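A short write-up of the structure that comes next.
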Amino acid sequence: MEQTKIILSEKEIPQAWYNIQPDLPEPLAPPLHPKTFKPLGPQDLAPIFPMELIKQEVSQERWIDIPDEVLDVYKLWRPTPLHRAYRLEKALNTPARIYYKNESVSPPGSHKPNTAVAQAYYNKKEGVKRIATETGAGQWGSALAFGCNIFGLKSTVYMVKVSYGQKPYRRILMETWGAEVHPSPTKSTNVGKGILEKDPDCPGSLGIAISEAVEDAATHDDTKYSLGSVLNHVILHQTVVGLELKKQLKLAGEKPDILTGCVGGGSNFAGFSFPFVKDKLDGKKIQIIACEPEACPTLTRGPYRYDFGDTAQIAPVVKMFTLGHSFVPPPIHAGGLRYHGDAPLVCLLVNKGIVEARAYHQNSVFEAAVLFARTEGILPAPETAHCIKAAVDEAKKCKETGEEKCIVIAFSGHGHFDLAAYDAYLHKKLEDYAYPEEKIKEALAAVPNIE
Ligand SMILES: Cc1ncc(COP(=O)(O)O)c(C=O)c1O
């Protein structure tokens with residue numbers, strides 16, 4: 001009988017995170033100050049981040065030790081299992097071997113606590129009392145609430161208003177872990193007030209919620225800001241996923257041909273794939289596919305250029321694929337994939353052709369999610385379903401060609417709080433939105449012109 005789950009022991013949790021920066025084909029373009037457009041220094045970031053995380057952001061060390069206190073918390077759910085999707089393979093009648101690395105087993109139900117716990121730990125160590133953050137779908141907010149609760153910190157979460165309405169249960173989960181949650185835009189920040197004056201019905205966006213959380217941190221001495229994706233240190237923390245996966249594939253006697261992951265800001269995709277990007281740069285043949293929604297097609301339709309990380313232009317300006325910082329995406333159900341930009345590290349690799357990007361409409365994504373739920377049992381998060389769609393497409397290609405490829409899915413989270421989205425799909429009420437070209441052009445007109 002073949003093994004369905006490949007499980008490591010707690011001793012095999014990686015002891016160090018992998019930093020891809022020294023292995024990049026070219027260095028990252030420097031992040032710039034949002035007012036002066038000069039390269040940012042550590043002192044610019046100090047009001048909003050603890051120093052240890054600022055050091056990690058720019059570190060050129062390939063390996064960074066994971067503190068024992070963080071490893072201790074990781075043990076609550078790590079190592080996460082690698083599953084062989086036999087039943088999905090059978091339903092597709094494919095010669096491909098499909099695996100998924102299951103991050104949905106964490107307490108908040110996704111990969112997000114891999115960094116939330118680490119960030120809460122470094123903030124606590126530097127005497128911070130409260131962390132402010134944004135959340136889209138509520139996955140990141142709940143992970144941060146969980147991490148803060150473990151290390152005895154307060155947390156304030158600005159939740160994109162459309163998701164706040166769609167996902168009341170995520171709010172309750174955050175509150176259970178002690179967070180204060182506000183629908184963003186709020187009237188309690190200058191940024192929020194300004195936006196609501198112009199548009200009282202604004203559905204919110206991740207860009208706006210980030211601006212509110214940064215303003216909160218910058219205006220309170222005991223408070224720092226925390227971002228759940230995009231930044232280099234967040235991606236660093238997520239590499240526990242890919243490092244475990246490497247050991248598990250070795251145990252299974254496999255070498256991956258195709259890796260698929262969904263991209264919102266890029267953290268789960270990067271954490272899962274970067275240890276393999278290193279192999280690809282060293283000459284191994286691996287196809288690495290980043291998946292996003294057609295409604296927010298950052299990597300597939302945005303230009304690669306400098307832009308602000310947030311709507312109010314207070315976050316750093318970074319080089320990335322972008323749809324423009326004023327972009328407010330349509331209210332698709334994969335709330336965690338509605339960000340106008342993407343991690344500079346992921347963007348650089350897409351720009352170099354090392355990672356390829358694909359965009360999908362939400363109905364086709366939910367079709368793949370339901371097939372997965374009906375074969376493998378687990379209900380995927382709508383975000384995760386994007387890369388299940390890519391894996392299913394690739395497995396179908398294998399059926400045509402007869403190739404026995406090994407395909408691995410970054411199963412970033414479960415969809416137990418996304419049942420309204422499944423309801424809409426199952427009852428044919430889900431709309432597909434492609435972002436109109438004129439709207440992209442309009443938002444890009446406001447992007448700063450920096451070479
Ligand atoms: C389950 C899940 N997967 C993926 C994402 C996308 O984020 P990232 O690209 O940072 O992994 C989110 C964001 O909320 C999420 O909740």
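The values are calculated or read from the model by the stated rules, or taken from the named source; none is laboratory data. Because the structure is a prediction, the values reported are computed rather than measured. Note: ideal-geometry Cβ built from the backbone for every residue, glycine included; neighbour counts use all protein chains shown. Surface accessibility is based on the protein's heavy atoms, side chains included, excluding ligands, DNA and RNA. Shrake-Rupley method; radii C 1.70, N 1.55, O 1.52, S 1.80 Å.
List of remarks:
- Residue pairs, from the table 101/389; 125/187; 101/247; 284/405; 246/397; 75/278, whose Cα atoms sit over 20 Å apart: 125/187; 246/397; 75/278
- Net length gained if the chain between residue 221 and residue 197 were fully extended (0.36 nm per residue, minus Cα distance): 5.9 nm
- Other-chain or far-sequence residues with amide H under 5 Å of residue 153's (modelled H): none
- Where labels lie 7 Å past Cα in the beta-carbon direction, separation of residue 354 and residue 400 in nm: 3.0 nm
- Were the residues from residue 126 through residue 46 laid out at 0.36 nm apart, the gain over their Cα-Cα distance would be 27.6 nm.
- Per residue, the convex hull around the alpha carbon atoms of region 365-451 comes to 194 Å³.
- Seen against the Cα atoms of the chain and their longest principal axis, helix 232-251 is set at about 10 degrees.
- In sequence order, calculated HN-Hα J values of region 146-161 (Karplus, 6.51, -1.76, 1.60; Hz; x Gly/Pro): 4, x, 5, 4, 4, 9, x, 10, 7, 9, 10, 10, 8, 9, 3, 4
- Euclidean distance between Cα centres, region 237-261 to region 1-80, Å: 17 Å
- Based on protein heavy atoms only, the chain ends up with 39 Å² per residue of surface accessible to a 1.4 Å probe.
- The H on the amide N of residue 99, modeled in the peptide plane, is under 5 Å from the matching H of 85, 407, 408, 409, each at least 5 residues off or on a different chain.
- Integer Hz, Karplus 6.51/-1.76/1.60 couplings in order for region 113-128, x for Gly and Pro: x, 4, 9, 4, 5, 5, 5, 4, 4, 5, 5, 4, 4, 9, x, 5
- Size descriptors for region 71-139, from the alpha-carbon set: Rg then Dmax equal 17.2, 56 Å.
- The phi torsions of region 220-227, fed into the Karplus equation with coefficients 6.51, -1.76 and 1.60 and a -60° offset, translate into couplings of 10, 4, 8, 10, 10, 9, 9, 10 Hz, rounded to whole numbers, with Gly and Pro shown as x.
- Lysines whose Cα lies under 18 Å from that of residue 429, excluding same-chain neighbours fewer than 8 positions away: 167
- Loop-located GluC sites (Glu not before Pro) in region 66-153, at most 15 other Cβ atoms within 10 Å (DSSP): 126
- Look at the alpha carbon pairs under 8 Å that are at least 6 residues apart: their mean separation over the length of the chain gives a relative contact order of 19 percent.
- The chain - mean residue ellipticity at 222 nm from DSSP helices (-39,500 (n - 2.57) per run, n ≥ 4, rounded to 500): -12000 deg cm²/dmol
- Summarising the label geometry, the points placed 7 Å from Cα in the beta-carbon direction at residue 420 and residue 87 lie 2.8 nm from one another.
- Cβ-derived FRET efficiency at R0 35 Å, residue 77 paired with residue 445, nearest 0.05: 0.20
- Applying a DSSP loop filter and a limit of 12 other Cβ atoms within 10 Å to the trypsin sites (Lys or Arg not before Pro) in region 345-403 leaves 352.
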